[in-house]
Amino acid sequence: MPDPFTHLEDFSEDIIAKAQDGLRMTNRELADRAGIELSTVKALKNGSIDEEALIRVASALQLHGERLITSARKSWLPETIECPHLTTFTSEFRSMTVNAYLLTCPDHRGVLFDTGVDAQPIFQHLEENEIELEALVLTHGHLDHVAVMEPILKAWQKIPVFAHPSENIDSAQPLHWGESFEAGPFRLRSLSTPGHTPGGTSFFVEDQSPPIAIVGDALFAGSVGGCAGDYDHALQSIRENILTLPPETILCPGHGPTTTVAEEKQHNPFFPN
Ligand SMILES: [Fe+2]
């Protein structure tokens, strides 16, 4: 049986590196601020579990210490929540996996969020379940999230594509943050979550129970997407626009497992307060 923890996108070593990049702190500076040896910093970044050092490093990087230890121990996974109208397509891209999500309603109409890198399972699912695809909604324009846009739009020629203008997606209808809009049978609210990319957008699906938000690479279960260029703003956007959603909201990230607002408020080291 595969180790379930391999499904999390990031562990303590990635989290330390992302926080360092965001705060522009070298290993030497981190060692000095944390009051530990440079070799200890390097060991932590190779996944070593030294609780005292992790607490010191977390404090220097404005992370939650106990949660960073939990991440190093690989002892947390978000609970799996069944959501019958939400299908995840996970495809392999280089050394990682990427998620696309299909949301459907009982009358077989659907909206696809991002594409991943493999169109075949998406086509197969649409065909087998007789689902009419009515819109493609993009969280951001990185290759792994839009790689098979072309075959999808060839097969479903008339569907609208929605993306933030800063993502430079040809033929996309420009959307603006904070607005509600119709995508097929769903009403979506676009949430400002830049940082990973300038126009990075999350989508809250209105009138769903439990509530659902597609968050792209803004937030991962127990981590965040790379956002070194705009770190403070990225964390602030997540705090204000994602973590303020109802606690039971299912969060669907671009990489790794789904999680919830409540789980992230309790376990994500990047949001200590
Ligand atoms: Fe990305």
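So the values come out like this:
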read-out	value
C-alpha center-to-center spacing [region 134-202, region 38-103] in angstrom	27
Loop trypsin sites (Lys or Arg not before Pro), region 149-194, which have at most 11 other Cβ atoms in a 10 Å radius of their Cβ (DSSP)	158
Two-site label geometry, residue 128 and residue 244: point separation in nm, points 7 Å out along Cα→Cβ	4.1
Relative contact order %, the chain, counting alpha carbon pairs below 8 Å whose residues are six or more apart	17
Histogram of C-alpha separations across region 126-205, 5 Å bin width, %	3, 15, 26, 25, 19, 9, 3, 0
At least 24 Å along the helix axis (C-alpha) and Kyte average at least -1.0, DSSP helices within the chain	none
Helix-only mean residue ellipticity at 222 nm for the chain, each DSSP H run of n ≥ 4 adding -39500 (n - 2.57), per residue, nearest 500	-8500 deg cm²/dmol
Global form of region 9-73, assessed from the alpha-carbon gyration tensor, a/c cut-off 1.5	rounded
Where Rh is the Kirkwood radius over Cα pairs, Rg/Rh for the chain	0.99
DSSP beta bridge pairing in the chain, given as percent antiparallel to the nearest 5	70
Where GluC sites (Glu not before Pro) in DSSP loops with at most 15 other Cβ within 10 Å are excluded, longest remaining stretch of the chain	131-178
About the Cα centre, charge dipole magnitude for the chain (Lys/Arg +1, Asp/Glu -1 at Cβ), debye	680
Stretch gain in nm, segment residue 29-residue 85, where the contour uses 0.36 nm per residue and the Cα spacing is subtracted	15.4 nm
In Hz, Karplus ³J(HN,Hα) per residue of region 203-212 (6.51, -1.76, 1.60; θ = phi - 60°; x = Gly, Pro)	10, 8, 8, 6, 6, 10, 10, x, x, 10
Candidates 216, 110, 47: whichever shows maximal mean-square fluctuation once the chain is modelled as a Gaussian network with Cα springs under 10 Å	47
For residue 173, residues with placed amide H under 5 Å, excluding near neighbours	161, 162, 163
Lys pairs under 30 Å by Cα in the chain, provided they are eight or more residues apart or on distinct chains	9
³J(HN,Hα) computed for each position of region 76-82 - Karplus, 6.51 cos²θ - 1.76 cosθ + 1.60, integer Hz, glycine/proline x	9, 9, x, 5, 7, 10, 7
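Values in this text are rule-based calculations from the coordinates and carry no lab data. All values reported here derive from a predicted model rather than from experimental measurement. Cβ sites come from the backbone with ideal geometry, for glycine too, and all protein chains shown count toward neighbours.
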